[in-house]
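K.L.:
Below you'll find the structure I mean.
The values are calculated or read from the model by the stated rules, or taken from the named source; none is laboratory data. What you see is a predicted model; the values in this text were computed from it and never measured. We place every Cβ from the backbone using ideal geometry, glycine too, and count neighbours over all the protein chains shown.
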Amino acid sequence: MAAQAFYSERRETVVRAKGRVATDDSLRQTRAPSGSAGATGRVNFEPSARLAQQPILASDLYVDLDALSPALARGMILLGQALICISEASQAARQQDPMTADLYIQTLRPTLRRLFMCREIGDGFAALIDALISAFENNHGLPLDSSHLSAVQAALLKLRDQPFLAFSAAARAIEDLERAGFSTEPPGFEHFADWLTA
């Protein structure tokens, strides 16, 4: 990153600061002199520690859904509904109530299909939603244990926080689903793969 020397002019008083500032450092503040003419301002060369403490989540950035593209607005709403379903299913599973947990999972499945209709958000978004849909289909309605529920919840949280997920990051999230015991290939994919290689 190129270092920069900078120069700033404020009204009649000139504030000059010389120094090396990397372009990847956090925002610098230049204060105009207060008081007598000819005084120099101060420049903060130290990055602000609080800027690097926590990442900014997409749900915090996109609070005004009217300003978003229709697909992203719909996707954020549906992701919220999906996260409610999976958290309620996890809670029911912790309370040893498999019937209620399964009802929430059955509510989640059509929500995932509606989320796939928002695939124009990005390739990573579409790939991860498709993997979740395939994981549920390949599970054949069997009850999900806590590791399965946690893996689904982590994938949905990743999409909520990063809706414009890169395909490589989505591939890593899909691998996490597979490590939890899901098969994320579309049903019948093995027959298609055999047909292609024959």
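So that you can scan it fast, the table gives a plain yes or no per residue for (1) surrounded by fewer than 15 Cβ atoms within 10 Å (Cβ to Cβ); (2) not acidic (Asp, Glu); (3) not in a helix (DSSP H, G or I):
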{"site": "PHE136", "(1), (2), (3)": "no, yes, no"}
{"site": "GLY141", "(1), (2), (3)": "yes, yes, yes"}
{"site": "SER147", "(1), (2), (3)": "yes, yes, no"}
{"site": "LEU156", "(1), (2), (3)": "no, yes, no"}
{"site": "LEU165", "(1), (2), (3)": "no, yes, yes"}
{"site": "ALA173", "(1), (2), (3)": "no, yes, no"}
{"site": "PRO186", "(1), (2), (3)": "yes, yes, yes"}
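Yes/no per residue for (1) more than 24 Å from GLN162 (Cβ to Cβ); (2) under 18 Å from the mean Cα position of the chain (by Cα); (3) outside any helix (DSSP H, G or I); (4) in contact (Cβ under 8 Å) with a residue 12 or more places away in the chain:
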residue	(1), (2), (3), (4)
ALA73	no, yes, no, no
LEU78	no, yes, no, yes
LEU83	no, yes, no, yes
SER90	no, no, no, yes
PRO110	no, no, no, no
GLU120	no, yes, no, yes
ASP130	no, yes, no, yes
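Listed here are the residues, each with its yes/no results for (1) in contact with a strand residue (DSSP E or B) (Cβ under 8 Å, 6 or more places away or on another chain); (2) within 28 Å of PRO70 (Cα to Cα); (3) of a type in the set (Asp, Glu); (4) outside the structural domain of LEU68 (by TED's automatic domain parsing).
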residue	(1), (2), (3), (4)
ASN138	no, no, no, no
LEU142	no, no, no, no
ASP145	no, no, yes, no
PHE167	no, yes, no, no
ASP176	no, no, yes, no
ALA180	no, no, no, no
